[in-house]
Structure formats: structure tokens, C-alpha cells
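The values are calculated or read from the model by the stated rules, or taken from the named source; none is laboratory data. Given the structure is predicted, the values throughout are model-derived calculations rather than measurements. Note: ideal-geometry Cβ built from the backbone for every residue, glycine included; neighbour counts use all protein chains shown.
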Amino acid sequence: PPGPLGTQRSLRLGVMGGTFDPVHHGHLVAASEVAARFDLDEVVFVPTGQPTFKQHQQVTPAEHRYLMTVIATASNPRFTVSRVDVDRGGLTYTVDTLRDLHRERPGAELFFITGADAIEQILRWKDVDELFRLAHFVAVTRPGHVLDLEGLPRDRVTMLEVPALSISSTGVRERASNGLPVWYLVPDGVVQYINKHGLYEGPGE
Ligand code: ATP
Ligand code: MG
């Protein structure tokens with residue numbers, strides 16, 4: 001994108017990593033708010049392969065999660081979806097995600113978007129130093145979670161308050177498996193996709 005005096009400003013790319021099982025309006029509002037506040041050109045949603053922190057839990061096949069994310073983001077010209085984690089397969093480590101995106105988008109400035117609960121695990125993430133070299137981290141508020149940035153480098157992690165949506169994928173899956181409506185918690189197309197493929201039916205995990 002053009003910068004002042006004809007200089008070329010580097011592309012500001014948000015990265016929204018998640019299991020997205022399923023993607024919901026909390027994810028979309030967080031991405032949209034960070035995009036506006038940080039003047040991002042694009043936010044790329046990256047559904048995980050097998051999430052590192054959910055190894056002992058049943059996760060919906062990646063292809064379904066990927067397609068629901070495509071459906072949910074399709075109408076926003078600044079939202080895209082990347083298959084890097086799905087195609088790499090195996091456990092997803094954020095450092096690999098950022099390395100791949102860095103390679104695919106040379107020169108882009110990366111902003112990794114993460115909720116209050118996920119940032120807490122950051123110190124346990126693989127290759128923390130490289131993570132902070134590869135991206136700026138934006139930690140967004142999330143109902144039910146205290147945002148604690150202690151011990152994280154202030155110049156690489158910024159906190160942002162976003163409109164509070166008390167929605168989680170776990171809650172959506174539980175509602176669906178109990179026959180309760182998930183309309184308006186997830187985009188309409190995602191409700192229809194869930195019904196079409198019979199996802200989250202029967203007793204939950
Ligand atoms: P699950 O209940 O299965 O863990 P989830 O709702 O936490 O699902 P994830 O795919 O785990 O969704 O989250 C992806 C990212 O989005 C994480 O950084 C998470 O903190 C953030 N996030 C999820 N829901 C919200 C929300 N309602 N508000 C703000 N951030 C959110
Ligand atoms: Mg989660």
C-alpha cells in the first residue's frame with residue numbers, strides 16, 4: 001500500500017490463529033476491531049491442524065473447520081483464510097505459522113491476534129524469542145478471562161479492549177449437541193454448514 005510521499009508502506013497483516021471449531025462472532029469482532037485500531041490491510045485467519053493445547057480432546061476434522069472459516073469471512077474484503085497449518089498437518093505451533101506466513105508475504109509486518117486466555121499460554125509456546133521477532137502480539141480482552149501481560153515484552157505485546165462477546169466454540173458445540181439454537185452466535189452460513197454436515201450432534205466430549 002502507498003505510504004506518505006509515494007513511499008511504499010509495508011503491508012500490515014493481522015494473523016488470527018485458532019481452532020475455529022466452529023468460528024464464531026467473538027473471533028470476527030476481535031479481528032475486525034484489531035484491524036481498525038492497528039490500521040491493518042488484511043487479517044488472515046489460520047485454522048490449526050491439531051492444536052497443541054487440545055491434544056487430549058476430540059477436534060472436528062480440519063477441512064470442516066477450514067471451510068466454516070471461509071464461509072464466515074467470505075463477505076469481508078479484508079479477511080482471508082490460510083491453509084498453512086491445515087496443510088502442514090500434525091501439531092500446530094504458532095512459530096511455524098508465523099514462519100510460513102513470513103515466507104509467503106515477505107516484507108509484511110505481522111500482528112498476531114490472540115485472546116486473553118491464549119496469550120497466557122504464550123510463555124509456554126515453542127521458541128518464544130523467535131515469536132516476538134516474527135510478530136507483534138495483540139492481546140484482546142475476553143469475557144471470563146483476566147488479561148495478565150506480566151513477564152511479556154511491552155514493546156512486542158499490546159493489550160486491546162474489544163467489544164465483549166461472551167461466546168466460545170465450546171459453548172456453541174455444547175448448545176448444538178443439546179439441540180439448542182446457535183443462530184446469532186455464529187454467522188448464518190456456519191449454522192447451515194453445521195446442520196448440513198451434522199457436526200456437534202449427540203453427546204459432547
Ligand atoms: P474453544 O472453546 O474450543 O477453545 P474458543 O472460543 O476459545 O474455542 P479458539 O479457536 O480456541 O476459540 O480461539 C481462537 C482465538 O480467538 C484465541 O486467541 C481466543 O482467545 C480468541 N477468542 C475466542 N473467543 C473470543 C471472544 N469471545 N472474544 C475475544 N477473543 C476470543
Ligand atoms: Mg479456546
Looking at (1) in a strand (DSSP E or B); (2) more than 17 Å from residue 114 (Cβ to Cβ), which is the one condition that is false for residue 199? (1)
Let me confirm something: among 151, 189, 144, which residue is exposed (fewer than 12 other Cβ atoms within 10 Å of the Cβ) and more than 13 Å from ligand 1 (Cβ to nearest atom)? 151
Test residue 52 against the criterion of being within 13 Å of ligand 2 (Cβ to nearest atom) and either crowded, with 21+ Cβ neighbours inside 10 Å or within 13 Å of the chain's Cα centre (by Cα) (or both), and give yes or no. no
Count - residues of the stretch 50-106 that are part of a helix (DSSP H, G or I) and within 24 Å of residue 125 (Cβ to Cβ): 23
Tally of residues being part of a helix (DSSP H, G or I) and either of a type in the set (A, V, I, L, M, F, W, C) or within 12 Å of the chain's Cα centre (by Cα) (or both) across the stretch 33-49: 3
Farther than 13 Å from residue 22 by Cβ, at pLDDT 95 or above and among the small types (Gly, Ala, Ser): is that true of residue 164 in this structure? yes
Could you list all residues from the stretch 113-152 that are touching a helix residue (DSSP H, G or I) at 6+ places or on another chain (Cβ under 6 Å), in a helix (DSSP H, G or I) and within 14 Å of ligand 2 (Cβ to nearest atom)? none
Would you pick out the residues in the stretch 1-42 that are modelled with pLDDT of 95 or more, among the basic types (Lys, Arg) and either surrounded by fewer than 17 Cβ atoms within 10 Å (Cβ to Cβ) or over 25 Å from residue 95 (Cβ atoms) (or both)? 37
For the stretch 153-205, name all the residues that are of a type in the set (Gly, Ala, Ser) and either out of contact with any strand residue (DSSP E or B) (no Cβ under 9 Å at 6 or more places or on another chain) or within 13 Å of residue 24 (Cβ to Cβ) (or both). 166, 168, 169, 171, 176, 177, 179, 189, 198, 202, 204
Of the conditions (1) part of a helix (DSSP H, G or I); (2) on the phi > 0 side of the Ramachandran plot, residue 30 fails just one. Which one is it? (2)
Based on this model, can you work out whether residue 5 counts as in a loop (DSSP other than H, G, I, E, B), over 20 Å from residue 187 (Cβ atoms) and more than 15 Å from ligand 1 (Cβ to nearest atom)? no
Identify, please: which residue in the stretch 89-122 is exposed (fewer than 15 other Cβ atoms within 10 Å of the Cβ), on the phi < 0 side of the Ramachandran plot and away from ligand 1 (no atom under 15 Å from the Cβ) and is, among those, modelled with the lowest pLDDT? 106
I'd like to know if the stretch 183-200 contains one or more residues that are away from ligand 2 (no atom under 15 Å from the Cβ) and within 15 Å of residue 122 (Cβ to Cβ). no
Would the stretch 149-160 turn up any residue that is under 14 Å from the mean Cα position of the chain (by Cα), aliphatic (A, V, I, L, M) and at pLDDT 95 or above? no
Where the second residue is part of a loop (DSSP other than H, G, I, E, B) and the first is of a type in the set (S, T, N, Q) and lies in the stretch 14-35, which pairs have Cβ atoms under 9 Å and are six or more apart or on separate chains? 19/48; 19/59; 19/60; 32/76; 32/78; 32/162
